[in-house]
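The values are calculated or read from the model by the stated rules, or taken from the named source; none is laboratory data. Quick caveat, the model's predicted, so the values are computed rather than measured. Glycine also receives a Cβ, built like all others from the backbone with ideal geometry; neighbour counts cover every protein chain displayed. Ligands, DNA and RNA are excluded from the accessible area calculation, which covers all protein heavy atoms including side chains. Shrake-Rupley method; radii C 1.70, N 1.55, O 1.52, S 1.80 Å.
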Amino acid sequence: MICTSRMDQTRSFYGRLFGLTVAYATPWYTALARSGERHPTLALLDHTHPALPEAFRTPMRAVRITLDVEDRPEVWERFAADGAVRGGGLRHASLVDPNGVRIDVQVA
């Protein structure tokens, strides 16, 4: 789960780059899933929501997640257009989402 102050930007980012679609949404919560999958891959939560304990009501910082992708040229081109940096060989890259979350991308 990513606590965010940028719900729309974050939802769009993961949809555009990873093909995640909205499986369930409220104004303060969004569950994103890969096409054809029932279970969410990633959840987004408005960082101000009262369900969070007060100490956790801040946007996400200093976290790193890993997402698997297909090894196709158009996938890597899409990431490069969004500022991804290839590293450790041809099958790995890193980029940062609208919240500052570092994402390691690797071939599934």
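Here are the numbers for this structure:
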quantity	calculated
Accessible surface of the stretch 29-108, 1.4 Å probe, proportion on carbon and sulfur as whole %	54 percent
Square roots of five times the Cα gyration tensor eigenvalues for the stretch 33-94, Å	30, 17, 10
Protection-proxy order for peptides 72-82, 1-11, 98-108, each taking the mean of Cβ atoms within 10 Å per residue, highest first	1-11, 98-108, 72-82
Selected from 12, 35, 94 as most flexible by GNM, with the chain as the system and alpha-carbon contacts under 10 Å	35
Mean separation of Cα contacts under 8 Å, 6 or more apart, over the residue count of the chain: relative contact order %	26 percent
Principal axis box of the chain, alpha-carbon based, largest edge first, Å	43, 30, 19
Calculated from backbone phi, Karplus (6.51, -1.76, 1.60) coupling profile of the stretch 18-35 in Hz, x at Gly/Pro	10, x, 6, 10, 6, 8, 7, 8, 10, x, 10, 9, 9, 9, 10, 9, 6, 3
Dipole magnitude of the chain about its Cα centre (Cβ charges: Lys, Arg +1; Asp, Glu -1), debye to nearest 20	120 debye
Value at 222 nm in deg cm²/dmol, rounded to 500, when DSSP H runs of n ≥ 4 in the chain each add -39,500 (n - 2.57)	-6000 deg cm²/dmol
